[in-house]
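Student: The structure that follows is given in the form of structure tokens.
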Amino acid sequence: MAEKSLKELFEAIEDEAEGDGAAAGEAEEAVERDRLQRLLDATDEEWDELSVRERLSLVSALFNYSDKYDEVEGLERVIELNDQLDVQDLEPEYAAQWYYQLGNAHSALAHKTASGPRKLDFFDSNHFIEAIGYKRAAVVQDDLDKLSDYRISQTYCNLANILAETGRSSEALRLYNIALGVNPDHGMALANRGQTKWEYSLFLFDEHQKHMFLHSAYLDLKVALENADDIHPGAEATFRSTLEQLKPFADKGNSIHAEDERSLGDSEEEIAYNEWVLDNRLFLNPLNDISTHTCAAYDDFHLPNMILPEGDFPYPGMYNRMKQEFASARYIFYEGLTGDRNHFSDRRVRLENTLDYSVSGYRTEQIKTALRLSYSIFDKIAVFLNKYYDVHEINEGDDEPSFDEIWYPNMSYDYHNLHDVFESSTNWALNALYWLKKDFSHHISERDDESSVTVAHELRSVRNAAEHDYFKVIENGFIDEARHRENPVFQDTIYDAIGERELEQATMEMLRLSRAALFYLSFAVHIAEEAKREAYEDVLGGIRSTPLPNEFKR
């Protein structure tokens, strides 16, 4: 029988997708393996003869067969074939498919080339870094809204899945919520959200909150497995196993909705602010990750109960400072978003009209301040980690390690050489912090700065420009014109620029990341403290956290 051309193979797969002539059982495997080999043997010239639609469809088939039959060469070929296309030349639907395929191929390769336990292998993995990059790039592409609701939901779900795999459960839940807000019937998003809630609950040290998480996870998995027809067969057994474990928490008494409603404040202003925080899921309260019920409208989260050591015990004070700075940055940002456009403090400040659409004023400075303040929390987390884990010796006059430096010997970036404290760690919350750190690093893959997709939001660059450089905020809708316009009066080309809306988005993202980091830090301490208790059964000293009365806050 003559070998099918790629076009003929495309047509055959299309016919099967419409329910016409698919094989079954052993015959199905034989057909798929033959097709896999044909796709692997196809030359670049054969691929180039296809339309974009045909090419991406067959690359998708190549991925599915390679993933199913553990063919690493096929996954590598998926990446190679997609890299031959310029995503900027693709229509929105095909660009989304391009990102999707590259993200999935790198993710599959990360799993299939790992040599040991996932939790240690993924402390560093080029393929996993690239997978996160491509999946994040798919979410932030300009034409995402032109796709179908199902494809948009799938795009957010894919990014959520890979963040959850690194322990970044808080961030993953927000993305699952977005996916389900677009398409409430997306079964994989619903089931994975339930799975992630269950995994998140393992970090929690408040038993009452843990039970509410487990009930919420049970509901997600139950609905997904009963009603959804898009659950991946390879994941269904895992979801059903988790659902079985969650049955003891099925009672409605464990629901967050069984909690009493709580006041959001004494004034309209306070209520409006707390509603905004609750709706944006910015309370330092894990319950706000699963609900906007008013019982979550408190910054109740703190460090776990800790064993009291000899010598310094700065951790409650350090955590207080970070938590207060986060809360203050959050409110400063809110004021910047909602305050008067012409604040009285600006009225007597003379500024020259530079005719470049730049905006200045108290509200803009509030948003920039919130960005800088929330970013600064990360280096404070590094100081906390350094002291708690005794990572680097800091002598008088030495700088403390930054969030980027803490992880490496001599505080010097080395992709292949983590500090022993972290290299040997099985603390999954520490792993979440380390992978969160990669969002800020310019050294997160072998391609480093050449990669256009490894960092989706240039938050670090925005913060550094706002902190150190000549930085202009440009009126909404004029950022491109401001960059390219010839100014007839003031020649000015040395500034960094960002649009008002983009600055607001960057600040919101920074707040979300710093909030998540504060969770992961406390979870990491909880895991470490539990290990200490197991190692030292007869511990005499301990300290339980107690709240500071409001009258001492000023």
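The values are calculated or read from the model by the stated rules, or taken from the named source; none is laboratory data. These numbers come from a predicted model, not from an experiment. Positions of Cβ are backbone-derived with ideal geometry, glycine not excepted, and every protein chain shown enters the neighbour counts.
The rows are residues; the columns are (1) over 24 Å from GLU529 (Cα atoms); (2) among the acidic types (Asp, Glu).
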| site | (1), (2) |
| --- | --- |
| GLU393 | no, yes |
| GLY397 | yes, no |
| PHE403 | no, no |
| ASN410 | yes, no |
| HIS419 | no, no |
| SER424 | no, no |
| ASN427 | no, no |
| TYR434 | no, no |
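Student: Continuing with this model, one more query. Do any helices (runs of 4 or more DSSP H) lying entirely in the stretch 386-499 carry at least 2 residues that are out of contact with any Gly (no Cβ under 7 Å at 6 or more places or on another chain), among the polar types (S, T, N, Q) and at pLDDT below 80, and which ones are they?
Tutor: 459-468
Student: Can you pull out every residue in the stretch 361-379 that is surrounded by fewer than 20 Cβ atoms within 10 Å (Cβ to Cβ) and in contact (Cβ under 8 Å) with a residue 60 or more places away in the chain?
Tutor: THR364, ARG372
Student: Suppose we keep only residues that are at pLDDT 85 or above, closer than 11 Å to GLU93 by Cα and among the charged types (D, E, K, R) within the stretch 127-152. Which one would you say is surrounded by the most Cβ atoms within 10 Å (Cβ to Cβ)?
Tutor: Selected residue: ARG151.
Student: Looking at GLU551, is it in a helix (DSSP H, G or I) and at pLDDT below 85?
Tutor: It is true that GLU551 is in a helix (DSSP H, G or I) and at pLDDT below 85.
Student: Moving on. For residues that are in a loop (DSSP other than H, G, I, E, B) and within 24 Å of VAL462 (Cβ to Cβ), tally how many sit in the stretch 331-348.
Tutor: Number of matching residues: 3.
Student: Could you list, ordered by first residue, the pairs with Cβ atoms under 9 Å in which the first is in the stretch 292-312 and closer than 30 Å to ARG174 by Cα and the second is part of a strand (DSSP E or B), at least 6 apart or interchain?
Tutor: The qualifying pairs are ASN305/GLY542; ASN305/ILE543; MET306/GLY542; MET306/ILE543.
Student: How do the helices (runs of 4 or more DSSP H) wholly within the stretch 119-237 filter down when requiring 3 or more residues that are β-branched (Val, Ile, Thr): which remain?
Tutor: Those helices (runs of 4 or more DSSP H) span 126-140, 149-165.
Student: Can you find a residue in the stretch 297-314 that is more than 30 Å from LYS532 (Cβ to Cβ) and not assigned by TED's automatic domain parsing to the domain that holds LEU219?
Tutor: The answer is yes; a qualifying residue exists.
Student: Please count how many residues of the stretch 218-237 are farther than 17 Å from HIS186 by Cβ and touching a helix residue (DSSP H, G or I) at 6+ places or on another chain (Cβ under 7 Å).
Tutor: 1
Student: Moving to a separate point now. Which numbered condition in (1) surrounded by fewer than 16 Cβ atoms within 10 Å (Cβ to Cβ); (2) touching a residue at least 40 places away in the same chain (Cβ under 8 Å); (3) within 28 Å of the chain's Cα centre (by Cα) is the only one that THR354 fails?
Tutor: Condition not satisfied by THR354: (3).
Student: Between a residue in the stretch 246-272 that is farther than 16 Å from LEU287 by Cα and any residue that is of a type in the set (S, T, N, Q), which pairs come within a Cβ distance under 7 Å, given they are 6 or more apart or on different chains?
Tutor: From residues that are farther than 16 Å from LEU287 by Cα, the pairs are GLY265/ASN274.
Student: Does ILE271 satisfy the condition of being β-branched (Val, Ile, Thr), over 23 Å from GLU509 (Cβ atoms) and either assigned by TED's automatic domain parsing to the domain that holds GLU530 or in a loop (DSSP other than H, G, I, E, B) (or both)?
Tutor: Here the answer is no, as ILE271 does not meet what is asked.
Student: For the condition modelled with pLDDT under 95 and among the aliphatic types (A, V, I, L, M), what is the one hit in ALA191, ALA237?
Tutor: Of ALA191, ALA237, the one residue that is modelled with pLDDT under 95 and among the aliphatic types (A, V, I, L, M) is ALA237.
Student: Under the condition of being closer than 16 Å to TYR331 by Cα and of a type in the set (Gly, Ala, Ser), which residue from the stretch 257-282 is surrounded by the fewest Cβ atoms within 10 Å (Cβ to Cβ)?
Tutor: Among residues in the stretch 257-282 that are closer than 16 Å to TYR331 by Cα and of a type in the set (Gly, Ala, Ser), the one surrounded by the fewest Cβ atoms within 10 Å (Cβ to Cβ) is SER267.
Student: Within the set of pairs 6+ apart or on separate chains, which have a first residue in the stretch 33-52 that is over 14 Å from VAL78 (Cα atoms), a second that is of a type in the set (Gly, Ala, Ser) and part of a loop (DSSP other than H, G, I, E, B), and C-beta atoms under 8 Å apart?
Tutor: Sorted first by the residue in the stretch 33-52, then by its partner, the pairs are GLU46/SER5.
Student: Somewhere in the stretch 297-313, is a residue in a helix (DSSP H, G or I) and either surrounded by fewer than 20 Cβ atoms within 10 Å (Cβ to Cβ) or more than 24 Å from the chain's Cα centre (by Cα) (or both)?
Tutor: no
Student: Somewhere in the stretch 83-93, is a residue at pLDDT 90 or above, surrounded by fewer than 17 Cβ atoms within 10 Å (Cβ to Cβ) and assigned to a helix (DSSP H, G or I)?
Tutor: The answer is yes; a qualifying residue exists.
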